[in-house]
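The values are calculated or read from the model by the stated rules, or taken from the named source; none is laboratory data. This one's a predicted model, so the numbers in the text were calculated from it and none came from an experiment. Cβ placement follows ideal geometry from the backbone for every residue including glycine, while neighbour counts extend to all protein chains displayed.
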Amino acid sequence: MRWVLMALRNLTRNRRRTLISLLVVATGAVALLLTSGFVVFNFRGLETALVHGGLGHLEVAAKSSAGPGQMDRPVTDALTDWRALRSRLEALPDVSAVGANVHLMGMASTPAGKSASFVGVGVEPDREGAMGFNTRLRAGEPLPQALPAEGDDVAILAQGLAATLGAKTGDVVTLLALTPDGSLNALDVRVAGIFTSGVQDLDTRFVKLHLASAQRLLQTESVSDLLVMLRDEVPLERGQGAVEHLVAGHAPPLAVVDWRARAPFYDQVRNLYRGIFWFLGTVILVLVVLSASNTLLMAVLERTRELGTLRAIGTSRPQLAAIVLLEALWLGVLGGALGCLLGWLATLGINAMHLQMPPPPGAVDPIDVELALVPAAFAATVALMLVVLTVAATIPIARATRLRVAEALTHV
């Protein structure tokens, strides 16, 4: 304890230099906290957007169409006993809701003669609501939850496709698609609303319609897949294991695919952000090391005679090294704590400003600039600053322990 207090008193000898060093350490801690908060918020936001944007946590589909790298779910590999399978899935304690989808593609045309290719999905609006799926409408109304009667089918068009077709809410669009047996079928649908998927390329082709309407267009009672939403706080691995155990032995074989496998770009975005974070973090930590090392080295040089006197009265080299190291650790603790306080205040201030960034390439909506408050990040920042200041103390420690007593006592 005596050595610890001595190291703290030594820092107060040159308050200006110590204050500058503390501010450098605190600034480095603030930069790390703000960057990590931004990265974590974007990870969480992207996960929520994908899961609640239509992927769900898990997908149950025919194994023949859900292999590695396969993203299409052709109707020829459809689920015929999906109602019974869905009832069994919803009985699992980890599952909150299960919805059926029909994937389709074809041509969309208007009475005015405009046409465009489309990719579509037939959904159950009531199930989507229970699963927390979001539809970002730009005009009109969402799909009605009630089953559409024959001849009263409706759809919502992505805004890019609507612009291509020149369609607006209330207009009639004809959808043309191949049925599982290879024949061509058409279905007239009324445009109930215009929405965006959030991705520009997808908005030029995407259509959503009621599951019953999609089955009517494809002339089938089957579905392409089942989407499973897990309950809150249920780990993905545990939920996936429970679903896989339930569908094991099903004929034909089924595959359970998690949302990350269906959205491979999520990991690409994570790796990009991590690379940026580590690059910026390395630059920040190098600057902190250089600044703190300079402060400690100057302190050692100014106290050469004092350190020589300590050596003369019997202080060992390890004890001198401990004094310098403790001074560095004090800088790390105090600077890290100050940085955490400033980082917390800066995070609250930035979140209160409700800033936005322009949409990234390929996206439609701007990005909210918000920072996540992660308690573990604050503790990790202080611990990291202790490690950084330990590294910064290596050169000053080497200088102090190599002092010759006679030379140190005559140092001016």
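For the stretch 150-205, residues that are surrounded by fewer than 16 Cβ atoms within 10 Å (Cβ to Cβ) and charged (D, E, K, R) total 7. Within the option set ALA49, ALA66, ALA7, ALA26, being modelled with pLDDT of 85 or more, among the hydrophobic types (A, V, I, L, M, F, W, C) and out of contact with any Ser or Thr (no Cβ under 6 Å at 6 or more places or on another chain) holds for one residue only, ALA26.
With respect to the conditions (1) surrounded by 19 or more Cβ atoms within 10 Å (Cβ to Cβ); (2) of a type in the set (Gly, Ala, Ser); (3) free of Cβ contacts under 8 Å to residues at least 60 places away in the same chain, ALA261 lacks only one, and its number is (1).
Remark: pairs (first residue in the stretch 227-243, within 12 Å of GLU90 (Cα to Cα); second residue part of a strand (DSSP E or B) and of a type in the set (D, E, K, R); Cβ separation under 8 Å; 6+ apart in sequence or on different chains) = LEU227/GLU59; VAL228/GLU59. Counting only residues that are charged (D, E, K, R) and over 29 Å from the mean Cα position of the chain (by Cα), which one in the stretch 192-242 is modelled with the highest pLDDT? Of everything passing the filter in the stretch 192-242, ARG216 is modelled with the highest pLDDT. Considering (1) more than 15 Å from SER115 (Cβ to Cβ); (2) assigned to a strand (DSSP E or B); (3) out of contact with any Lys or Arg (no Cβ under 9 Å at 6 or more places or on another chain), the lone condition that PHE195 does not fulfil carries the number (3).
Exactly one residue out of ASN101, ASN42 is buried (at least 19 other Cβ atoms within 10 Å of the Cβ) and in the same structural domain as MET298 (by TED's automatic domain parsing), and it is ASN42. Screening ALA352, ALA380 for residues that are assigned to a helix (DSSP H, G or I), modelled with pLDDT of 85 or more and closer than 13 Å to LEU32 by Cβ leaves exactly one candidate, ALA380.
Any residue in the stretch 304-319 that is in the same structural domain as THR394 (by TED's automatic domain parsing), in a helix (DSSP H, G or I) and under 33 Å from the mean Cα position of the chain (by Cα)? Among the residues of the stretch 304-319, not one is in the same structural domain as THR394 (by TED's automatic domain parsing), in a helix (DSSP H, G or I) and under 33 Å from the mean Cα position of the chain (by Cα), which makes the answer no. Counting only residues that are under 36 Å from the mean Cα position of the chain (by Cα), surrounded by fewer than 18 Cβ atoms within 10 Å (Cβ to Cβ) and of a type in the set (Ser, Thr, Tyr), the stretch 9-24 holds 0 of them. Of the residues examined, VAL257 is one that is of a type in the set (Val, Ile, Thr), modelled with pLDDT of 85 or more and in a strand (DSSP E or B). Taking into account only those residues within the stretch 243-254 that are among the hydrophobic types (A, V, I, L, M, F, W, C) and more than 16 Å from ARG86 (Cβ to Cβ), which is farthest from the chain's Cα centre (by Cα)? Applying the filter and picking the extreme gives ALA251. When residues in the stretch 138-155 are screened for being touching a residue at least 40 places away in the same chain (Cβ under 8 Å) and either touching an Asp or Glu at 6+ places or on another chain (Cβ under 8 Å) or assigned to a helix (DSSP H, G or I) (or both), 1 of them pass.
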